[in-house]
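In what follows, a single structure is set out as structure tokens and then discussed.
The values are calculated or read from the model by the stated rules, or taken from the named source; none is laboratory data. Please read these numbers as outputs of a predicted model, since none were measured by experiment. No Cβ is skipped: glycine too gets one built from the backbone with ideal geometry, and neighbour counts run over all protein chains shown.
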Amino acid sequence: MHNDILKYLPYKSSFLFVDNISSLDIDGVVGDYTLKSDAFFYEDHFPGNPVTPGVIITEIMAQIGLVVLGIHLMISGADKDGFTMDEASFPLLTSTDVSFYKMVLPEEKVIVTSKKLYFRFGKLKCLIEMHNTAAELIAKGTFSGVIKNAAIKKEQNG
């Protein structure tokens, strides 16, 4: 439904953790991802009994709940501070505070729901939750991030 936003994500191949965006507006986003059993991180975490690492759970929450929403706000014109999104732009996670409640196993589908707390001066802060398909809470937390422009950095250093 809102999957056209996925073409703006800077992640490719093995590090893209968004399958579908089912709801997206200036106040929040809902999306999902199904963990692939052949993902690179399962081989050694833990051999014979794979469990999704917390850092991957955090990354899924950040990609769907913060990056997708941030890009949407930038390209929709909801940001009135003059920040723009182009091919040199990339998202940066600036802070997280996440609590974990359940394990996530290979082939499990997770649903991420994000609610915008604020978006000003190019900084986005969201309350993000992850649930499984049985609606059980897996993790929740507060995430903040910004979108930076690589071209500006090169000009400043150049």
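Side notes on the structure shown:
- For segment 110-123, the set of residues classified as more than 12 Å from the chain's Cα centre (by Cα) and in a strand (DSSP E or B) consists of 110, 115, 116, 117, 118, 119, 120, 123, listed by residue number.
- Test: residue in segment 42-53 that is modelled with pLDDT of 95 or more and either in contact with a strand residue (DSSP E or B) (Cβ under 8 Å, 6 or more places away or on another chain) or buried (at least 22 other Cβ atoms within 10 Å of the Cβ) (or both): no
- Test: residue in segment 81-95 that is at pLDDT 90 or above and either buried (at least 16 other Cβ atoms within 10 Å of the Cβ) or farther than 23 Å from residue 13 by Cα (or both): yes
- Restricted to segment 124-158, and to residues there that are part of a strand (DSSP E or B) and at pLDDT below 90, the residue that is farthest from residue 30 (Cα to Cα) is 149.
- The set of residues from segment 10-60 being among the hydroxyl-bearing types (Ser, Thr, Tyr), within 22 Å of residue 134 (Cα to Cα) and in a loop (DSSP other than H, G, I, E, B) comprises 37, 52.
- Against the numbered list (1) at pLDDT 95 or above; (2) exposed (fewer than 12 other Cβ atoms within 10 Å of the Cβ); (3) under 19 Å from residue 25 (Cβ atoms), residue 99 comes up short only at (3).
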